[in-house]
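Since the structure comes first, as structure tokens, the remarks are kept for the end.
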Amino acid sequence: MAKITVNGEVQEVSLPLSLTELIKQNDVQQPDMVSVQVNDDFVDRTEWDGLQIKEGDSVDFLYFMGGGSL
Amino acid sequence: MIDFTEEQIQRYSRHILLKDVGVEGQEKIMQAKVLVVGAGGLGAPVSLYLAAAGIGTIGVVDADVVDLSNLQRQVIHFTKDVGRPKVESAKEKIQAINPEVKVNTYYEFLDSSNALDIIKEYDFIVDGTDNFPVKFLINDACVMAGKPFSHGGILRFNGQTFTHLPGTACYRCMFKEPPPTGAVPTCSQAGVLGAIAGMLGTIQAAETLKYFTGIGELLTNRLLTFDAKTMLFRTVHVKQRETCAICGNAPTIHHLIDYEQATCDLKNH
């Protein structure tokens, strides 16, 4: 098991694990809409499958949030 | 140097008392020109606090009229204002709070044809809009014009905001392009707890005042999000993306884009 941080919270995951699989494990709603940072760098959607999570990685999911005026 | 009147010293005494603001900071606030896009949930608290703070000129852009369903959170509009243009209603309240504030109203939608012209008159822009096309438009126009702005979004029990200065991460660094129409709900579709607008809007107003007075650290290269259900606040560090289409090393966007507006709202559901 490896310890990583997802959205600021520590998670234990078993490796190997791709970013795509991590997104699935975390039940990210509308994964095609989410922006993902790994260790403070944005990762393009096309690289999700190939990116392997490592011990100590910090992953953030950023979501669209509209609203304000209407 | 402005010569403060007795009345001004009294009105702004709680600012002047602050060591970080003082007379000098208050003077900067009084010379500032701020554009508030959207006189709704976020624009309401932003405009009210900026007016109270003594911002010299406030521009308000909004093409809508006040609807009864707005009053649950858009605290700048009163029951008597239903049916009036929001910009007119907002101007009246701003000037009632502080007659010293000059108010410019734009009773129109911000789009690619007018955005740069309107924005260029202001020192700082506050995004209080309710839809992604205009959020991207404000981002792109501000990056092109080299203007700082505060981004804000709210949904259900959540809020999200960051501040952009030239050379720091922009909205497109975080989100490349607007979500497809209808893919992400807006407040009018999904609802929002009224006070969330106040929470997020007052953060945007505070950032605006911090910008002009140079106090502390702005929310640049940081995305602040909160969940009012748990009252957990979190800031995520974000970096300017070298490949960003508008602020990166080789920008591919050279003209403002009018993305398709969401056509569905609560009335149609």
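For the reader, a short list of remarks on this structure follows.
- Subset tally (residues that are away from chain A (no Cβ under 14 Å) and part of a helix (DSSP H, G or I)) for the stretch B:196-214: 8
- Within the stretch B:253-266, residues that are at pLDDT below 95 have Cβ atoms under 6 Å from residues that are not in a loop (DSSP other than H, G, I, E, B) in these pairs: B:Y259/B:P133; B:Q261/B:P133; B:D265/B:S188; B:L266/B:S188, counting only partners at least 6 apart in sequence or on another chain.
- All told, B:G22 falls short of being within 14 Å of chain A (Cβ to nearest Cβ) and modelled with pLDDT of 95 or more.
- For the stretch A:11-55, the set of residues classified as part of a helix (DSSP H, G or I) and acidic (D, E) consists of A:E21, A:D32, A:E47, listed by residue number.
- Condition check for B:C173 on (1) in a strand (DSSP E or B); (2) within 17 Å of B:G248 (Cα to Cα); (3) among the hydrophobic types (A, V, I, L, M, F, W, C): one failure, at (1).
- Criterion (within 13 Å of chain A (Cβ to nearest Cβ), at pLDDT 95 or above and under 19 Å from B:L256 (Cβ atoms)) met by exactly one of B:H164, B:H151: B:H151
- Helices (runs of 4 or more DSSP H) completely within the stretch B:1-99 that count 1 or more residues being more than 21 Å from B:F124 (Cα to Cα) and in contact with an Asp or Glu (Cβ under 6 Å, 6 or more places away or on another chain): B:86-97
- Single residue of B:D111, B:D64 found to be under 23 Å from B:D140 (Cβ atoms) and in contact with a Pro (Cβ under 8 Å, 6 or more places away or on another chain): B:D64
- Residue in the stretch B:20-34 that is in contact (Cβ under 8 Å) with a residue 40 or more places away in the chain and over 30 Å from B:T129 (Cβ atoms) present: yes
The values are calculated or read from the model by the stated rules, or taken from the named source; none is laboratory data. Because the structure is predicted, anything quoted here is derived from the model rather than measured. In this analysis, Cβ positions are derived from the backbone assuming ideal geometry, glycine residues included, and neighbour counts consider all displayed protein chains.
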